1. Give me the distance in nm between label points sitting 7 Å out from Cα along the Cα-to-Cβ direction at B:Gln94 and A:Glu53, one decimal.
2. Could you pull the copy-to-copy label distances for B:Arg117, with points set 7 Å along Cα to Cβ, in nm to one decimal and sorted shortest first?
3. With +1 on each Lys and Arg Cβ and -1 on each Asp and Glu Cβ, how big is the dipole of the protein assembly as shown about its Cα centre, in debye rounded to the nearest 20?
4. So for the protein assembly as shown, what are the equivalent ellipsoid semi-axes in whole Å, largest first, each being the square root of 5 times an eigenvalue of the Cα gyration tensor?
5. Please work out the Cα center distance from region B:97-158 to region B:1-53, rounded to the nearest Å.
6. Quick check: pseudo-label points 7 Å beyond the Cα along Cα→Cβ at A:Arg29 and B:Ala131, how many nm apart are they?
7. Determine which chain A residue has its Cβ at minimum distance from the rotation axis mapping A onto B, giving the value in whole Å.
8. Between B:Asp169, B:Asp17, B:Asp214, which gets the highest mean-square fluctuation from a Gaussian network model of chain B, Cα cutoff 10 Å?
2 protein chains.
Amino acid sequence: MRTLGILGGMGPAATADFYRKLIAATPARGDAEHLPVLIYGVPQIPDRSRAIEGGGASPAPALRRAARALAVGGAQAIVMPCNTAHHWHALVEQSARRPCLHIVDAVLAQLARCAPRARRIGLLATAGTLAADIYPARAAAAGLQWLAPVPEVQRGATAAAIAAVKAGDAAAARPLLRAAAEHLVECGAETLVAACTEVPLALDATDCTVPLIDSTAALAEHCVAWARRSAC
Amino acid sequence: MRTLGILGGMGPAATADFYRKLIAATPARGDAEHLPVLIYGVPQIPDRSRAIEGGGASPAPALRRAARALAVGGAQAIVMPCNTAHHWHALVEQSARRPCLHIVDAVLAQLARCAPRARRIGLLATAGTLAADIYPARAAAAGLQWLAPVPEVQRGATAAAIAAVKAGDAAAARPLLRAAAEHLVECGAETLVAACTEVPLALDATDCTVPLIDSTAALAEHCVAWARRSAC
């Protein structure tokens with residue numbers, strides 16, 4: 001069976017959540033039917049949003065090293081359970097010389113399955129993911145309209161909630177994310193994407209009045225489909 | 001910060017649970033204060049219990065390879081979130097040329113903290129962990145009496161429950177583990193140890209009439225203490 005390389009630690013709880021969802025998405029009757037994984041979980045990789053916004057060290061050297069280490073360790077494909085890190089997707093793919101399964105492709109597949117008629121999609125994402133246009137750029141052909149919260153809500157609710165999850169306080173994050181979700185619905189969002197892998201640790205579908213796509217779970221299913229294809 | 005090498009996949013859900021508990025046990029205000037980890041999660045490592053009981057391939061070559069890969073990848077210490085794999089503890093330590101933090105040491109530390117007066121300890125463990133005397137051998141100096149279920153209960157309840165968890169059916173495992181726990185209490189156990197890392201995925205302290213030590217959580221706390229010591 002092919003080994004999946006997981007470039008994680010951004011943040012660590014999101015990586016653990018991804019690993020759990022990968023296992024849950026795998027049809028297996030025992031240990032040996034699960035995917036072999038190699039996880040490089042280094043939370044010291046410089047902050048992605050801060051780098052995109054121009055205020056911090058670049059994570060590029062650390063991502064390059066991690067991608068190479070995963071390839072040397074035997075990974076046949078790479079995934080990053082961090083939306084913002086996808087700003088460096090091409091670099092990771094080149095460094096590993098392996099395909100890097102893209103989280104936006106995974107989310108688009110879920111949108112097509114769960115909300116095929118939705119055209120206006122609200123993003124619960126980091127400032128970096130929004131500033132780098134990670135969703136609109138990758139999904140240009142899909143003809144969707146991507147909505148971000150107004151700056152006060154982005155800073156005061158979404159970004160504050162993500163920081164709370166990273167500090168281990170999901171309970172404090174939940175009401176903030178509910179408010180950001182409600183705001184996006186008021187702006188016209190027909191479906192929401194938890195487009196930061198910290199978000200599903202504090203918000204689930206029962207908190208929202210429109211469908212919520214979990215990018216972590218979407219990426220896990222995308223990986224299981226990759227493993228099935230590669231096994232043929 | 002020192003990198004922890006996690007030799008996992010035995011089974012995968014137990015490894016993910018360990019990673020989650022390691023993060024929860026770490027006092028951190030953000031990503032960068034968490035431990036860097038390298039996880040080798042290869043569920044194709046041959047079955048440990050079957051090998052100990054003489055009926056299957058040895059996991060030794062796979063464990064040796066994994067331990068070396070973790071050391072080459074930068075791990076400064078190794079842990080195995082699998083009790084039965086500790087039968088090969090010395091081999092892993094020698095292969096990695098790194099300390100391998102022992103799960104029984106972690107459990108003994110928890111017992112000293114949470115149940116200092118308990119002398120008769122019931123084990124919810126695999127057949128391999130019991131047959132290889134992993135707990136009595138490591139804990140000889142502690143003066144404890146280790147109780148195992150009678151063979152019918154071990155096979156029909158504990159082992160069946162562990163297999164159910166490995167097949168993704170924790171709900172089916174729970175009543176079986178409650179029955180095994182109750183049986184051990186009837187045999188005189190004053191405290192129980194979830195001495196297989198699949199067990200805490202289906203049984204918690206509220207299911208038991210005496211204290212229950214979770215070996216996965218104990219190992220996570222042991223690793224956080226190691227990281228704190230190594231940082232000094």
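1. 5.4 nm
2. Distances between equivalent label points, in nm: 6.7.
3. Charge dipole of the protein assembly as shown: 1260 debye, to the nearest 20.
4. Equivalent ellipsoid of the protein assembly as shown: 40, 23, 21 Å, largest first.
5. Answer, in whole Å: 20.
6. My value for the distance between the label points is 2.2 nm.
7. Chain A residue with minimal Cβ-axis distance: A:Ile39, 2.
8. B:Asp169
Each reported figure results from applying straightforward, stated rules to the coordinates on display, with no laboratory input. Predicted model only: the values in this text are computed from it and were never measured. Using ideal geometry, Cβ is built from the backbone for each residue, glycine included, and neighbour counts are taken over all protein chains shown.
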